[in-house]
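Input: a single structure, listed below in structure tokens.
The values are calculated or read from the model by the stated rules, or taken from the named source; none is laboratory data. Small disclaimer: the values here were computed from a predicted structure and weren't measured. Here Cβ is always computed from backbone atoms with ideal geometry, including for glycine, and neighbour counts include all displayed protein chains.
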Amino acid sequence: MLPLERLRRIVGAEHVLLAPEEMFAYECDALTWLRRRPAAVVLPGGTAETAEVVAALSEAALPFVARGAGTGLSGGALCPEGGVVIETARMKRLLSLDPWNRFALVECGTPNAEVSRAAEPHGLFFAPDPSSQNVCTIGGNIAENAGGPHTYKYGATARHVLALTAVLPDGRVLRTGSPLADPPGYDLAGLLVGTEGTCAIGTEATLKLTPLPRAVETLLFAFRGVADACSAVQRVISSGLEPCTMEVMDGATIAAVEASVNAAGYPRDAGAVLILEFDGGDAAVAESAERAERLCRELEVLACERARDRAHRLKLWKGRKGAFGAMGRLAPDLLVQDAVVPRSRLPEVVARVLEIGREHGIRMSNVLHAGDGNLHPNISYDRRDADETRRVLAACAGILQACVEAGGTLSGEHGIGLEKRDYMSLVFGEEDLERMRAVRDVMNGRSLLNPDKVLPAREPKTP
Ligand SMILES: Cc1cc2nc3c(=O)[nH]c(=O)nc-3n(C[C@H](O)[C@H](O)[C@H](O)COP(=O)(O)OP(=O)(O)OC[C@H]3O[C@@H](n4cnc5c(N)ncnc54)[C@H](O)[C@@H]3O)c2cc1C
């Protein structure tokens, strides 16, 4: 039974939500076809309250899940059956910022972009930049090991987490990691990054801050199709140039963006655009941009723009950052698929993905973090239409299979959650999965925290 009075005493009655209409918002994350309504939502105000809430739920043997902003795209923050959502929205204080040692200590409900905003006056920023960064939380980023357009140069979240305070599923508090170089002992903070909220609830994180680059050059190239844009990426990388980002959008994405409030002036007749960016010192960045432009122009480029100033750069990015939002106009639901392949295989895999879309009669637009080989086939559909939803899911299965066959894997950044749990055996053997379950069991032995995510259930033993 829900220990209601105890929860109210810990966090204050106004921070325990129970009304059915309040539960609607928590039924799903940004993957809208999977839904489960929680029994209650609790909003603790810090590490101590989180520990007390978790202890109360653990003693009542009730399942629970941590939730940040709910922008996850794999159903990770869905509530376990009959369980409780622990939302981190009240935990968003910047606890300290140390420009000299280049780290920030923040509560895990802090929105990603707030960290860079606070660091900017010191000439620093927090490098992981998921496109949802204005709302998604540091806790969600850590759980998902989130990436973003600049992951190619700066790496995903794991490279930027120095230490973590987390509440274990029995209510004990774990403090692990350190901003000092190479702290001794096992790197438990590193272990927790990417466990998708199945081992502990992050409450405070010490994050590495990176110096803001002195100069940035942003270029946009338009091509006839995605294959040409990927060839450009290949040429740039093979030439030894080191861009910080290489984002590709296909013709369907350009059309959606240009018809929306996020219109960025992309050529409407192009089959693909590539955003290429260099950052670093002034002279090196300018030289790299010139070389990249020459290399790309040797291919059949329909148009090329080089940002003149910050306003122009933001305009070129506006379409990319607003691409998923623009797709929201196309249909009631959007499924943002996420997989990764060796980037040399991108042209053939994207061609196969489009073919799969046609075979299943679904509406698809593609966005690629091309430098990372990370593709996002985005499917616009209506989940109230059972047949369409069935075709969408069949197409997703085909896409994942095609990516794995091309030497890729199930997710480049959005995680496994509930959505892809049953695909894990495409890339892991039962023995590998069992080792992962053993790690989870050390932290979450009773499986009360986010019980049925990421790892498929153990196969029943044959007698
Ligand atoms: C428009 C849009 C664009 C996106 N772009 C990107 C992108 O470029 N790159 C990218 O990687 N992702 C992207 N995403 C996906 C999503 O924003 C990220 O996965 C993000 O890290 C989720 O953060 P959140 O706070 O919303 O987490 P939630 O959705 O609330 O939760 C996600 C998972 O993290 C767990 N979790 C949350 N907080 C904690 C905590 N404090 N402790 C332990 N576990 C926790 C939850 O249990 C759940 O399993 C995008 C999503 C949208 C809607």
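Per this entry, ALA222 is not counted among residues that are within 14 Å of the ligand (Cβ to nearest atom), touching a residue at least 60 places away in the same chain (Cβ under 8 Å), small (Gly, Ala, Ser) and surrounded by 16 or more Cβ atoms within 10 Å (Cβ to Cβ).
Scanning region 4-16 for residues that are surrounded by fewer than 18 Cβ atoms within 10 Å (Cβ to Cβ) and on the phi < 0 side of the Ramachandran plot turns up LEU4, GLU5, ARG6, ARG8, ARG9, ALA13, GLU14. Tally the residues that are among the aliphatic types (A, V, I, L, M) and surrounded by 21 or more Cβ atoms within 10 Å (Cβ to Cβ), restricting the search to region 110-136. Residues that pass the stated criteria total 4. Taken together, PHE103, PHE125 contain a single residue that is more than 8 Å from the ligand (Cβ to nearest atom), touching a helix residue (DSSP H, G or I) at 6+ places or on another chain (Cβ under 9 Å) and either hydrophobic (A, V, I, L, M, F, W, C) or in the same structural domain as GLY417 (by TED's automatic domain parsing) (or both), which is PHE125. When region 96-131 is filtered for residues that are under 22 Å from the mean Cα position of the chain (by Cα) and without any contact (Cβ under 8 Å) to a residue 60 or more places away in the chain, the ones remaining, listed by number, are GLY109, THR110, PRO111, ASN112, ALA113, GLU114, SER116, ARG117, ALA118, PRO128, ASP129.
Rundown of residues vs (1) surrounded by fewer than 21 Cβ atoms within 10 Å (Cβ to Cβ); (2) within 20 Å of ALA255 (Cα to Cα), yes/no style:
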{"site": "GLU277", "(1), (2)": "no, no"}
{"site": "GLY281", "(1), (2)": "yes, no"}
{"site": "ALA289", "(1), (2)": "no, no"}
{"site": "VAL301", "(1), (2)": "yes, yes"}
{"site": "ARG308", "(1), (2)": "yes, no"}
{"site": "ARG320", "(1), (2)": "no, yes"}
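Where helices (runs of 4 or more DSSP H) sit wholly within region 218-327, those with at least 2 residues that are touching a Ser or Thr at 6+ places or on another chain (Cβ under 7 Å) and not hydrophobic (A, V, I, L, M, F, W, C) occupy 310-321.
The one condition from (1) within 19 Å of the chain's Cα centre (by Cα); (2) within 24 Å of VAL173 (Cα to Cα); (3) among the small types (Gly, Ala, Ser) that GLY72 does not meet is (2).
Only one of the numbered conditions (1) away from the ligand (no atom under 15 Å from the Cβ); (2) not in a strand (DSSP E or B) is violated by PRO169, and that is (1).
Screening VAL257 on (1) under 30 Å from THR110 (Cβ atoms); (2) more than 24 Å from the chain's Cα centre (by Cα) shows it passes everything except condition (2). The single residue among GLY139, GLY202 that is within 10 Å of the ligand (Cβ to nearest atom), part of a strand (DSSP E or B) and buried (at least 23 other Cβ atoms within 10 Å of the Cβ) turns out to be GLY202.
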